[in-house]
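Novice: Quick one: the structure is below, and I'll ask about it shortly.
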Amino acid sequence: MSDTLLSHLEAGVLTLTFNRPQKKNAFTAEMYSLAAQALRDADTNDAVRVVVLVGAGGTFTAGNDLKDFLENPPTGEDSPVFRFLHTLAHFTRPIVARVEGVAVGIGTTLLLHCDYVAASERAVFSMPFVNLGLSPEGASSLLLPRLAGMALASELLMFGEPFDAATALRAGLVNRVVPDAELEALVKARAAALASRPVESVRLTKKLLREPLRAAVDETLSREGALFMQRLASAEAREAFNAFLSKKK
């Protein structure tokens with residue numbers, strides 16, 4: 001791995017840590033490539049029974065590093081961000097996520113491909129794609145309405161406003177919401193429980209749960225990706241990105 005993505009395997013549980021705490025673990029193109037490769041490697045490693053996704057420094061991830069994203073924009077389905085999403089969607093072993101702090105953009109949509117998500121009661125989620133002149137990604141336009149219902153999914157995606165852990169629970173994005181002090185222990189216990197189950201039974205159960213939507217997810221990832229790249233090159237997106245970066249400075 002590298003300093004920006006840490007990997008630790010213990011008792012069948014592979015923990016992947018997004019590690020740019022000074023940037024709230026915002027993803028760079030390199031991090032997407034590393035995460036995709038780590039998942040591919042894990043899916044062929046018999047020692048890995050469960051993957052846990054966490055963020056360093058009390059934050060899950062602030063989503064895309066916008067500066068890096070503008071300098072290294074996705075240009076096709078083989079671009080790092082889309083490669084990561086495709087690998088995540090096709091991963092055959094259970095994925096557990098521990099969400100604390102903020103989960104922005106892909107930090108929220110990637111949860112749709114996880115099998116168990118625990119969040120701190122102080123976690124804050126958002127999918128601000130429209131506010132940046134962009135469009136949804138991660139198959140969220142397909143999966144979120146199925147989980148949350150059309151009304152709530154439309155509200156979360158079309159307004160792009162931050163929402164709390166209670167709303168994430170109502171939307172079906174997370175399984176449990178607990179106080180900060182209890183989150184790490186809960187995730188460790190849930191990951192260990194999954195790792196203790198018969199490996200092939202767990203994999204087949206995940207496959208049975210995910211397979212009916214596999215073709216639709218793949219098609220949605222491709223359609224969303226094409227639109228996302230179009231939007232990224234649009235005047236609306238350039239204006240929104242410049243406004244965000246100027247405000248940040």
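The values are calculated or read from the model by the stated rules, or taken from the named source; none is laboratory data. Given the structure is predicted, the values throughout are model-derived calculations rather than measurements. So basically every Cβ, Gly included, is an ideal-geometry build from the backbone, and we count neighbours across all protein chains shown. Ligands, DNA and RNA are stripped out before the accessible areas are found, and what is left, the full protein with its side chains, is counted by its heavy atoms. Shrake-Rupley method; radii C 1.70, N 1.55, O 1.52, S 1.80 Å.
Novice: Listed here are the pairs Lys23/Lys206; Lys23/Lys247; Lys24/Lys207; Lys24/Lys188; which of them are more than 27 Å apart at the Cα?
Specialist: Lys23/Lys206; Lys24/Lys207
Novice: Let me ask something else about it. With the chain treated as a Gaussian network of Cα nodes joined by springs under 10 Å, which of Ala89, Ala233, Ala36 yields the largest mean-square fluctuation?
Specialist: Ala233
Novice: Here's a follow-up. Can you check what the Kirkwood hydrodynamic radius comes to for the chain, Cα pairs only, in Å to one decimal?
Specialist: 18.1
Novice: A follow-up question, please. Taking the Cα centre of the chain as origin, work out the dipole magnitude from +1 charges on Lys and Arg Cβ and -1 charges on Asp and Glu Cβ, in debye rounded to 20.
Specialist: Computed about the Cα centre, the dipole is about 280 debye.
Novice: If each residue of separation counts as 0.36 nm, what is the full-extension length gain between Ala243 and Leu204 once their alpha-carbon separation is subtracted?
Specialist: Full extension from Ala243 to Leu204 adds 9.3 nm.
Novice: At a 1.4 Å probe radius, carbon and sulfur cover how many percent of the accessible area of the chain?
Specialist: Roughly 55 percent of what the probe reaches on the chain is carbon or sulfur.
Novice: Something else about it: With the Cα gyration tensor of the range 108-249 giving a ≥ b ≥ c as the square roots of its eigenvalues, does the rule (a/c under 1.5 for rounded; else a/b larger than b/c for prolate; else oblate) give rounded, prolate or oblate?
Specialist: oblate
Novice: Need the C-alpha centroid separation for the range 210-249 versus the range 136-201, integer Å.
Specialist: Spelled out, the Cα-based centre of one part sits 21 Å from the other.
Novice: For the chain, set up a Gaussian network in which alpha carbons nearer than 10 Å are linked by springs, and say which option among Ala139, Ala216, Ala185 fluctuates the most.
Specialist: Judging by the Gaussian network model, the answer is Ala185.
Novice: Averaged per residue, what accessible area in Å² does the chain show with a 1.4 Å probe, protein chains only?
Specialist: Roughly 47 Å² per residue, with all protein chains present.
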